1. List the number of the failed condition for D131; all other conditions in (1) surrounded by fewer than 20 Cβ atoms within 10 Å (Cβ to Cβ); (2) in contact with an Asp or Glu (Cβ under 7 Å, 6 or more places away or on another chain); (3) not assigned by TED's automatic domain parsing to the domain that holds E244 hold.
2. When you go through (1) part of a helix (DSSP H, G or I); (2) at pLDDT below 95 one by one for E262, which number turns out not to apply?
3. Could you go through the stretch 522-543 and let me know if any residue there is out of contact with any helix residue (DSSP H, G or I) (no Cβ under 7 Å at 6 or more places or on another chain), among the polar types (S, T, N, Q) and either surrounded by fewer than 19 Cβ atoms within 10 Å (Cβ to Cβ) or closer than 20 Å to E476 by Cβ (or both).
4. Of all residues in the stretch 54-109, which are farther than 20 Å from I149 by Cα, within 24 Å of the chain's Cα centre (by Cα) and assigned to a loop (DSSP other than H, G, I, E, B)?
5. Could you list all residues from the stretch 162-205 that are among the small types (G, A, S) and at pLDDT below 95?
6. Mind telling me which of the residues A246, A242, A252 ends up being under 27 Å from G322 (Cα atoms), touching a residue at least 40 places away in the same chain (Cβ under 8 Å), in contact with a strand residue (DSSP E or B) (Cβ under 9 Å, 6 or more places away or on another chain) and not in a helix (DSSP H, G or I)?
7. Would you check which residues across the stretch 404-426 are of a type in the set (D, E, K, R) and assigned to a loop (DSSP other than H, G, I, E, B) and list them?
8. If you scan the stretch 184-202, which residues turn out to be in a helix (DSSP H, G or I) and surrounded by fewer than 18 Cβ atoms within 10 Å (Cβ to Cβ)?
Amino acid sequence: MKTVEELNKIRAEKRIELDLRKNTKADTREKHILVCQGTGCTSSKSPQILENFKRIIKEKGIENVRVIKTGCFGLCAKGPIVIIRPEDTFYAMVTPDDCEEIIQSHIIEGKVVERLLCKDIDGTKVTRLDDLTFYKKQKRIALKNCGVINPEDIDEYIAFDGYRALARVLIEMTPDEVIETIDKSGLRGRGGAGFPTGKKWRATKDAKGDKKYVVCNADEGDPGAFMDRSILEGDPHAVLEAMEIAGFAVGAEKGYIYVRAEYPIAVQRLKIAIEQARNYGILGKNILGTDFNFDIEIRLGAGAFVCGEETALLESIEGRRGQPRVKPPYPAQSGLWGCPTLINNVETYANVAQIILKGADWYSSIGTATSKGTKVFALGGNVNNVGLVEVPMGTTLREIVFDIGGGIPNGREFKAAQTGGPSGGCIPKEHLDTPIDYESLKEIGSMMGSGGLIVMDDTKCMVCLAKFYLEFTVSESCGKCTPCRIGTKRMLEILEKLCSGEGTEYDIYRLEKLAVNIKKSSICGLGQSAPNPVISTLKYFREEFRQHAIEKECKTMECKALAKIEIDPDKCKACGLCQRNCPVNAIEGEGREVRHINQDKCIKCTTCIRACPFHAIG
């Protein structure tokens, strides 16, 4: 007679094999039309594109073609994106009106629609997805299934090895072995300072308590960040599977996903995934026929940036105002309702199943000596290929911006990149060859943070940038501690003075002193890191602050009060384009006369600068 353990193993394996067999049958169709349904493409009518494909295929009676909604492919600048498989033809900027031509030409006649092919960095048209420079230096682990599977179909997730890691854990491993594997892999938290994930799991397991919880922090609030959102939209089951593995490892039977309500697509797909997992016996009681129980609930956040801080998040889940707690005790000792609680963010969880399946040595072989694996970045700002990228740790900023990102638009010069959002710092061009890892970024005054990476060209004012992030921090401060509540407000007032032409050199000194004191005395990590954008811009762009304070000049002309737009008489060709485009008739001169600007009328809108083909205005 077989033991209970042997029976449980057979049940689990049969369940997985049955589901795989079911999906394999569905995948034998000749063609797959993949349509991105991430937030960016959805806003550009990709749902209509999906429905048009289905309608046309039905009307024409075409068989062996399957239309699949997917998550984000990553190259958001080229959306809406459609990929035809198995040949992996990559169509960019597709509109609903293009569907008829794609079906007729590509599906029926076997001819590629040349005009819809994606253009690479050098302007050449690329047929296949993998041939794009954007993807060549990436390594997708957390984004493994994004743009590949239908996130609303659990069978597709299972077909791509989904829930095999959970089955292996429940059948073959002990909680200690799971934690040892995660620890040995070198995985560090992807949501902030990079605390070792295995140590956090171990601390939660070893904490005393009859009840424990697992929490997923999906409260992604950094300006320009959309990594976690894209993972939840494109591969929600990866997060559910990882949370179950974590629950098994630390001894928890309940999990919460805290996600902001502004992510409606992510929330909807999470709900679908949870319901499907319950129906398959993969979530709930006696998972995969074992005695392991684990269930997950969604908690919606109201968009408070401070709730990205783990203890403020816990307060919100418990139904109170989101304000950080004093630490220690840490959540691993006393978290939700005073119980030991494990908290990781979405991207951290998205790596877990792959580590269990492929091993700790495989994962630790990627990256640097102290920063293992890959990192997902939301690449935005003044860069050609805006989108979602995943690169091995140690990839340089230059590679991300110029090789993957395609460089700076309109021939402008790279000036700086902001990593880590309002908690991070600026990286100037002299550090373009800095490897992106936790230690290297900290050395130059920035941080990894959750993964927002905003690129700025030489038209950006760094004083203005510091003001932008301080405005955000001030508006999002929970107000619990005086240094953050009052100190950041005073810093913002100084920056506003500098940008309006009322600042002095002494204000720069005050700004630095305030920044240091706020970092030392704020209660939580968000308050402690709030001055970072100011500190880093002062470190690398102090001369711009001095120009604002002493010379009363903003050379980028972003600060309108300090901008003075003039026409270079030696470059002016008297073409009159600037004059015709000026909205307030501030440009004077007739015929072949060199034009000049009436400073009393000029509103510093810079329209004339953009209109001049000879770069004579600045």
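1. (2)
2. The single condition E262 does not satisfy is (1).
3. Among the residues of the stretch 522-543, at least one is out of contact with any helix residue (DSSP H, G or I) (no Cβ under 7 Å at 6 or more places or on another chain), among the polar types (S, T, N, Q) and either surrounded by fewer than 19 Cβ atoms within 10 Å (Cβ to Cβ) or closer than 20 Å to E476 by Cβ (or both), which makes the answer yes.
4. Within the stretch 54-109, just M93 meets the criteria.
5. G162, A167, G189, G191, G192, A193, G194
6. Residue meeting the stated conditions: A252.
7. R412, E413
8. Scanning the stretch 184-202 gives K184, K199.
The values are calculated or read from the model by the stated rules, or taken from the named source; none is laboratory data. Only a predicted model underlies this, so the values are computations on that prediction, with no experimental measurement involved. With ideal geometry, Cβ positions are generated from the backbone for all residues, glycine too; neighbour counts draw on all protein chains shown.
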